[in-house]
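The values are calculated or read from the model by the stated rules, or taken from the named source; none is laboratory data. All of these numbers come straight from a predicted model, not from anything done at the bench. Virtual Cβ from ideal backbone geometry, glycine too; neighbours counted across all protein chains shown.
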Amino acid sequence: MLIQCGAVPLTLAIIYVMASFRFPVDYLSVAVVQGVLAAGLTWKLGLARWWRAIQLLFPLAVLTALALQLPSWLFGLGFLLLLGWYWSTFRTQVPYYPSGPAVWDAVRQLLPADKPARVIDIGSGLGGFVLYLSRARPDAEVSGIELAPLPFLYSWLRARLSGSRARFVRGDYEKLDFSRYDLVFAYLSPAAMPALWRKTRAEMCPGSMLVSYEFIVEERPADRILHATEGDVPLYIWYF
């Protein structure tokens, strides 16, 4: 929003020049100029590429919403849904990242076959990994923890309705005691990995493992690297 606001003065100046030279000026041209300038500022500030697309299209989306004369409560509902889905992403820097069945099965193969294991998925999202592992290894104690309310509620309902033994809790994994688990599975973001490593190094017991999908720990190279499928992003494994 700050970038969009920062682009406004230059947008007004360009529109004034266009009008002075008798170029046709309407709301669409204003939205296009505003979007291009905001995308340029995004590029200049070094934000991720997908932010450029968001900034480019945002003024056009606002113009479209105004043209459709949508009721005001719809925007409030959209805000509440996004809040429930992403919750404290601004603080944790961990957006919603779903993994897939090939990754889930690769993690399953890491578990010891001769004894039950305790597994936690930190940032469990919609619960696919936890529910799968509970079915594939009924002897294991598999849990998921999720901070965002809507994904947690969805995964909790999935477990209840399907009769799964999977356990879901809503909360911050930083408050967990990792010494209770044999395997911690994480699919977070680069921003979260340093703090996660400090926690696992301080709390995890000998014989346990940390498995991170896609994101590495800078402080220590992984003890093992697996690819769930050919060409897929790796699973990084650290043994304690």
Inspect all residues belonging to region 205-226 and state whether any of them is surrounded by fewer than 16 Cβ atoms within 10 Å (Cβ to Cβ), polar (S, T, N, Q) and more than 21 Å from the chain's Cα centre (by Cα). no
Residue 187 meets each of (1) closer than 20 Å to residue 111 by Cβ; (2) modelled with pLDDT of 95 or more with one exception, condition (2)
Helices (runs of 4 or more DSSP H) wholly in region 16-96 with at least 3 residues that are of a type in the set (A, V, I, L, M) and under 30 Å from residue 212 (Cβ atoms) - which ones? 72-86
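Here are 222, 159: which of them is farther than 22 Å from residue 85 by Cα and not β-branched (Val, Ile, Thr)? Explain how you work it out, then say what you get.
Details: 159 fails: farther than 22 Å from residue 85 by Cα.
Only one candidate passes the filter, namely 222.
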Go through the residues of region 218-231 one by one and say whether even a single one is in the same structural domain as residue 127 (by TED's automatic domain parsing), out of contact with any helix residue (DSSP H, G or I) (no Cβ under 8 Å at 6 or more places or on another chain), modelled with pLDDT of 95 or more and acidic (Asp, Glu). yes
Of all residues in region 176-204, count the ones that are over 25 Å from residue 86 (Cβ atoms), touching a residue at least 60 places away in the same chain (Cβ under 8 Å) and part of a loop (DSSP other than H, G, I, E, B). 2
